[in-house]
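One structure below.
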Amino acid sequence: MTTVVLIGPPGSGKTTIGRLLAERLGVGFRDTDADIEAVAGKPVADIFVEDGEARFRELEHEAVRQALAEHDGILSLGGGAVLNVETQALLAGHHVVYLQVGLSDAVQRVGLASARPLLVLNPRSQLKKLMEERRPIYERLAVVTVVTDKREPEELADEIVKGLPA
């Protein structure tokens, strides 16, 4: 069973903290966005543009389902993976950690010129909207919430490790 599932918006630190956690716990790290890119043979941004968000979300749900079934370690989900009701159900019983981040920290970390498909038109406004829409879902699914603003990844990894069930 997956040790920790990290959820949160873009810029919350899921990949950075996930890699640190995996290293500290001596387990593997897996990122469902990387799994999707491997299956599709192209970057997430290209999937959105060429195949549409609906197709991306299908691939994402399958990637999460597969990773939860076969990966023992740290799993990082794409920011929007939790929007799928079936994916939400799959997360039940897992140690889900919501990495909460404020808008200004997320903007600094994401960089508004990056290849984030849902942040294309008005990046700051879009990111704020995504974060507000998804926050209740993240909060509901999380066993633990960790505030990441103005904190170092090492400190956050320590906090998550201390909060793991024995």
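The values are calculated or read from the model by the stated rules, or taken from the named source; none is laboratory data. These figures come from a predicted structure and were not determined experimentally. Note: accessible area is taken over every heavy atom of the protein model, side chains too, but ligands, DNA and RNA are not part of it. Shrake-Rupley method; radii C 1.70, N 1.55, O 1.52, S 1.80 Å.
Over the chain, dividing the summed -39,500 (n - 2.57) contributions of all DSSP H runs of at least 4 residues by the number of residues returns a 222 nm mean residue ellipticity of -17000 deg cm²/dmol.
Listed by chain and number, the lysines whose C-alpha is less than 21 Å from the C-alpha of residue 128, apart from same-chain residues fewer than 8 away, are 14, 150. Divide the volume of the convex hull around the Cα atoms of region 1-48 by the residue count and you get 91 Å³ per residue.
Shown for region 4-161 is the translational diffusion coefficient from the Stokes-Einstein equation, using the Kirkwood radius over Cα pairs, a temperature of 20 °C and a viscosity of 1.002 mPa s: 137 µm²/s. The portion of the accessible surface of region 4-161 made up by carbon and sulfur, rounded to a whole percent, is 51 (1.4 Å probe; DNA, RNA and ligands excluded).
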